[in-house]
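Okay, structure first, notes after.
The values are calculated or read from the model by the stated rules, or taken from the named source; none is laboratory data. This one's a predicted model, so the numbers in the text were calculated from it and none came from an experiment. Here the Cβ positions follow ideal geometry from the backbone for every residue, glycine too, while neighbour counts run over all protein chains shown. Protein only, heavy atoms only, side chains kept; ligands, DNA and RNA dropped before computing areas. Shrake-Rupley method; radii C 1.70, N 1.55, O 1.52, S 1.80 Å.
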Amino acid sequence: MPQASDTVFSKIIRKEIPAKIVYESQTVIAFHDINPQAPVHILIIPKKPLVNISAADRGDLELLGELLLVAGEVAEQEGLSKGGYRLVVNNGRDGGQEVPHLHVHLLGGRKMTWPPG
Ligand code: 5GP
């Protein structure tokens, strides 16, 4: 896999390409997915170029916690808290990860099915 700093998400972080940003802090940014799989589909990513969960270590403890908390805050902001929503983290080839920069998918606005594909 290429370095996370080479991806389209790093270009979004650096504002080199546009995105519909819904949240931004010094460490985390969230924006609408370009190819939504639900009425609400937002990606929450660390600004640190971590490839995925497998590449994270104990030094990333706070950052990983922050990603989930921000996902919950964005879900609230989008009006999803009451009805519910799904958070997904694809990891590596078999996990279906296409962009090698850690991201949490926030999906909502419709009833999700299980098992996932
Ligand atoms: P993955 O399959 O790696 O878990 O998810 C990558 C996600 O990034 C996909 O849902 C895809 O639609 C989204 N994506 C890929 N390129 C772009 C882009 O340039 N802008 C935005 N906003 N989303 C993108």
> Expressed as an acute angle from 0 to 90° and rounded to the nearest 10, what is the orientation of the C-alpha long axis of helix 61-77 relative to the principal long axis of the chain?
Replying inline: 30
> Under a GNM of the chain (C-alpha, springs under 10 Å), which listed residue has the highest mean-square fluctuation: 72, 92, 83?
Replying inline: 83
> What's the local net charge at residue 34, with K and R +1, D and E -1, over the other residues with C-beta under 13 Å away?
Replying inline: 0
>> Give me the percent relative contact order of the chain, please, defined on Cα pairs under 8 angstrom at least 6 residues apart.
In response: 31
>> Just to compare against my own numbers: the Cα pair-distance distribution for the chain, 10 Å bins, whole % per bin, please.
In response: 13, 47, 34, 5
> If you take the charge dipole of the range 4-108 about its Cα centre, with +1 on Lys and Arg Cβ and -1 on Asp and Glu Cβ, which of 55, 17, 104 is farthest toward its positive end?
Replying inline: 17
> Under a 1.4 angstrom probe, counting protein chains only, how are 54, 10, 25, 81 ranked by accessible area, largest first?
Replying inline: 54, 81, 25, 10
> In terms of Cα to Cα distance under 28 Å, which lysines are near enough to residue 11, apart from those fewer than 8 places away along the same chain?
Replying inline: 20, 47, 48
>> For residue 22, what residues show an amide H to amide H distance below 5 Å, using hydrogens built from the backbone and excluding near sequence neighbours?
In response: 30, 31, 32
> If you place +1 on the Cβ of every Lys and Arg and -1 on the Cβ of every Asp and Glu, how big does the dipole about the Cα centre of the range 30-117 come out, in debye to the nearest 20?
Replying inline: 240
>> Give me the 1.4 Å probe accessible area per residue for the chain, excluding ligands and nucleic acids, in Å².
In response: 61
